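Below is one structure, written out as structure tokens, with a few remarks after it.
Where a number appears in this text, it was derived from the coordinates with a stated rule and is not lab data. Predicted, not measured: the structure shown is a model, and the values here were computed from it. Using ideal geometry, Cβ is built from the backbone for each residue, glycine included, and neighbour counts are taken over all protein chains shown.
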Amino acid sequence: MTKKILILIITLSNSALLVFMLALGSQNLSDSHKINLGIYSTKESYPTGFLIGMSTILGSISGGLTTIFFLPSSKKNFS
């Protein structure tokens, strides 16, 4: 259980640092694109680096959470 909590803390802290660096790095980007997700389309334009960075951060979070769910539990149930 403590191993799962440790992985969760590391995953969330690394992701928070990545979001912070992304926010600092995407301040002055001029190349921007609109997001089109089928019916929903945004009115705002987002820089390309911001879109790629957010997808990387979300992938990092989902990979860490998937690792936590697939770790075997420490309890041995032999019944």
Cβ-based exposure ranking for Met21, Met54, in which fewest neighbours within 10 Å come first: Met21, Met54
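May I ask you to derive the FRET efficiency for Thr66 and Ala23 from their Cβ-Cβ distance with R0 = 30 Å, giving the value to the nearest 0.05? Please report the intermediate quantities before stating the final value.
Numbers: r = 25 Å, r/R0 = 0.85.
The calculated FRET efficiency here is 0.75.
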